[in-house]
Amino acid sequence: MTHGDDAPHTPKGHTVVVGGGLAGVTAALALADAGVRVTLLEGRPRLGGLAFSFQRGGLTVDNGQHVYLRCCTAYRWFLDRIEGTALAPLQERLDVPVVDVARPEGRRLGRIRRDALPVPLHLARSLATYPHLPLADRAGAVRAALALGRLDLADPALDTQDFGSWLAAHGQSPRAVEALWDLVGVATLNAVAGDCSLGLAAMVFKTGLLSDPGAADIGWARVPLGELHDRLARKALDSAGVRTEVRTRVTSVSTDENGRWSVQVPGETLEADAVVLAVPQREAHGLLPAGALDAPERLLEIGTAPILNVHVVYDRKVLNAPFLTALGSPLQWVFDRTDASGLTDGQYLAVSQSAAQDEIDAPVAVLRERYLPELERLLPRARGAEVKDFFVTRERTATFAPAPGVGRLRPGARTKAPGLYLAGAWTATGWPATMESAVRSGVGAAGAALGALGRSRDVLPDFFGDSFEEAA
């Protein structure tokens, strides 16, 4: 690692990236691709941020299930950049099985899937035959979707309204919200419609369902997330010449009268021409030097939302699909992670529970008592199966809360301190807190830094239109 005494010998353009999540890794790769010398610092013993894997009883377990959509062009670029695209393929065509376990006549399967037709006809047949909504609600959902498509995402007033009230004003019944809008929205926004900014919800539905027929096709890792976000990411960083230091926590960031930056870690000081803070908003607030933002306290006003993940290993196969969703049950999305985990006997299911404020701190015994019977309701084959293992993973601050008004709190990549930039899914990317938002923020911060360093941005992927100005 570079010491302060070595500063006079540091080539112009050295940048320190603080944080090794997707935003930080992306920023480091983008800067290195443009010829900048980069040092990446991560406090944890691994890269990947909140999308990582760990070992348990011989299995490789993801802390939580992460998916992306075909419209996530930034994350797809990231996968390609680390040579991981083949390990996280997309569906050939959107197909989401939805099981209602609360129907009087018994559980019933429906599907949300698309046809090879232009927007909005690509979803017409699926919605017309969707068994979980009465005919009037299906017709009403079409009208609401068309109204959503007419919203101007650049209108700041959308951020002040909540999505639930907008849906109610557009004739959406509680059943339509549960069986359609929240089915998609809770998983992508980590909030129910009533708690979510209309601006962010409109962005998700317009981009995912109304922009291109294949936009909502789902992709997910067929290998542990650590294989992508740690091993392959580190390999790509090494190949790009990035110096990566894990188990290295930054304690302060400061600048001198000459505009040079000093990044302090225990026992050492790194000198740099630019710094990218790619850490959670509260950590960024603690590292920002005075005057870097006009209202730094706004970072502390950005709320957080939890995600609870329930992991169950059965002695036999109980789910035949790669994943399914549930209605009439506390269960949300259930994924088969058997092959990815390395399990050779039985089946391993991961249950992803977004907007889990009421359960995030519940004891494992309580969660077991609640979720195992629900899995048996959803999956009849589970009723006679032996549970070999049951455990939970909790991400109490998994995402920023997409509440109305959050848009005004999210800063861009640039700060008022020359040479200091921000990255993270919580910054002003226009997207909710997703892997896509994290990657976009990393590219945006790199683009802003390259402009200030006098380096060409031609090598960077362009997710922002004509320039990086709005992203920064």
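The values are calculated or read from the model by the stated rules, or taken from the named source; none is laboratory data. In this text, all values refer to a predicted model and were calculated from it rather than measured experimentally. When we count neighbours, we look across all protein chains shown, and the Cβ atoms used for this are built from the backbone with ideal geometry, even at glycine. Protein only, heavy atoms only, side chains kept; ligands, DNA and RNA dropped before computing areas. Shrake-Rupley method; radii C 1.70, N 1.55, O 1.52, S 1.80 Å.
Which of the residues spanning the stretch 148-191 are open to solvent by 40 Å² or more (accessible area, probe 1.4 Å), closer than 24 Å to L69 by Cα, part of a helix (DSSP H, G or I) and among the aliphatic types (A, V, I, L, M)?
V184, A187
Only one of (1) out of contact with any strand residue (DSSP E or B) (no Cβ under 6 Å at 6 or more places or on another chain); (2) surrounded by fewer than 18 Cβ atoms within 10 Å (Cβ to Cβ); (3) at negative phi fails for S262. Which number is that?
Of everything listed in (1) out of contact with any strand residue (DSSP E or B) (no Cβ under 6 Å at 6 or more places or on another chain); (2) surrounded by fewer than 18 Cβ atoms within 10 Å (Cβ to Cβ); (3) at negative phi, S262 misses just condition (1).
May I ask you to say which residue of T434, T427, T397 is surrounded by fewer than 19 Cβ atoms within 10 Å (Cβ to Cβ) and either within 26 Å of E301 (Cβ to Cβ) or in contact (Cβ under 8 Å) with a residue 60 or more places away in the chain (or both)? Full working, then the answer.
Details: T434 fails: surrounded by fewer than 19 Cβ atoms within 10 Å (Cβ to Cβ); T427 fails: surrounded by fewer than 19 Cβ atoms within 10 Å (Cβ to Cβ).
Only one candidate qualifies: T397.
If a residue has to be open to solvent by 60 Å² or more (accessible area, probe 1.4 Å) and either under 30 Å from G444 (Cβ atoms) or without any contact (Cβ under 8 Å) to a residue 60 or more places away in the chain (or both) to count, how many in the stretch 112-127 make the cut? Full working, then the answer.
Step one: of the stretch 112-127, the residues open to solvent by 60 Å² or more (accessible area, probe 1.4 Å) are 113, 116-118, 120-121, 125.
Next, only the ones that are either under 30 Å from G444 (Cβ atoms) or without any contact (Cβ under 8 Å) to a residue 60 or more places away in the chain (or both) stay: 113, 121, 125.
Qualifying residue count for the region: 3.
In the set A136, A144, which member is open to solvent by 70 Å² or more (accessible area, probe 1.4 Å) and either in contact with a Phe, Trp or Tyr (Cβ under 7 Å, 6 or more places away or on another chain) or not in a loop (DSSP other than H, G, I, E, B) (or both)? If you could, list the steps in order and put the result at the bottom.
On the way: A144 fails: open to solvent by 70 Å² or more (accessible area, probe 1.4 Å).
Every option except A136 fails the conditions.
Tell me, please, whether a residue that is of a type in the set (A, V, I, L, M, F, W, C) and under 21 Å from C72 (Cα atoms) can be found in the stretch 378-399.
yes
Being closer than 24 Å to V439 by Cα and touching a strand residue (DSSP E or B) at 6+ places or on another chain (Cβ under 7 Å) narrows it down to one residue among T304, T325, T338; which is it? Write out each step before concluding.
On the way: T325 fails: closer than 24 Å to V439 by Cα; T338 fails: closer than 24 Å to V439 by Cα.
Within the list T304, T325, T338, the selection yields T304.
I need the full set of residues from the stretch 226-241 which are crowded, with 18+ Cβ neighbours inside 10 Å and under 12 Å from I82 (Cβ atoms), in order please.
Going through the stretch 226-241, the residues crowded, with 18+ Cβ neighbours inside 10 Å turn out to be 226-234, 236-237.
Once the filter is applied, which keeps residues that are crowded, with 18+ Cβ neighbours inside 10 Å and under 12 Å from I82 (Cβ atoms), the stretch 226-241 yields E227, L228, H229, D230, R231, L232, A233, R234, A236, L237.
Under 8 Å by Cβ, and 6 or more places apart or on different chains, what pairs join a residue from the stretch 439-455 that is touching a residue at least 40 places away in the same chain (Cβ under 8 Å) with one that is among the charged types (D, E, K, R) and surrounded by fewer than 24 Cβ atoms within 10 Å (Cβ to Cβ)?
G447/R457; L450/R457; L453/K12; L453/D273
Name the single residue, out of those in the stretch 38-79 being open to solvent by 10 Å² or more (accessible area, probe 1.4 Å) and of a type in the set (S, T, Y), that is farthest from F400 (Cα to Cα).
T60
Considering the stretch 96-111 alone, what residues qualify as being touching a residue at least 40 places away in the same chain (Cβ under 8 Å) and open to solvent by 30 Å² or more (accessible area, probe 1.4 Å)?
Taking the stretch 96-111 as the starting set, the residues that turn out to be touching a residue at least 40 places away in the same chain (Cβ under 8 Å) are 96-103, 107.
Scanning the stretch 96-111 gives A102, R103, R107.
Take the residues in the stretch 340-385 that are among the aliphatic types (A, V, I, L, M) and in contact with a helix residue (DSSP H, G or I) (Cβ under 6 Å, 6 or more places away or on another chain); name whichever of them is surrounded by the most Cβ atoms within 10 Å (Cβ to Cβ).
Kept after step one, since they are among the aliphatic types (A, V, I, L, M), are these residues of the stretch 340-385: 340, 343, 349-351, 355-356, 360, 362, 364-367, 372, 375, 378-379, 382, 385.
Going one step further and asking which of them are in contact with a helix residue (DSSP H, G or I) (Cβ under 6 Å, 6 or more places away or on another chain), we end up with 355, 375, 382.
On the way: A355: 25, L375: 23, A382: 22.
Step by step, filter the stretch 340-385, then rank; the result is A355.
Anything in the stretch 319-329 that is assigned to a loop (DSSP other than H, G, I, E, B) and open to solvent by less than 10 Å² (accessible area, probe 1.4 Å)? List them, or say none.
The answer is L319, and nothing else.
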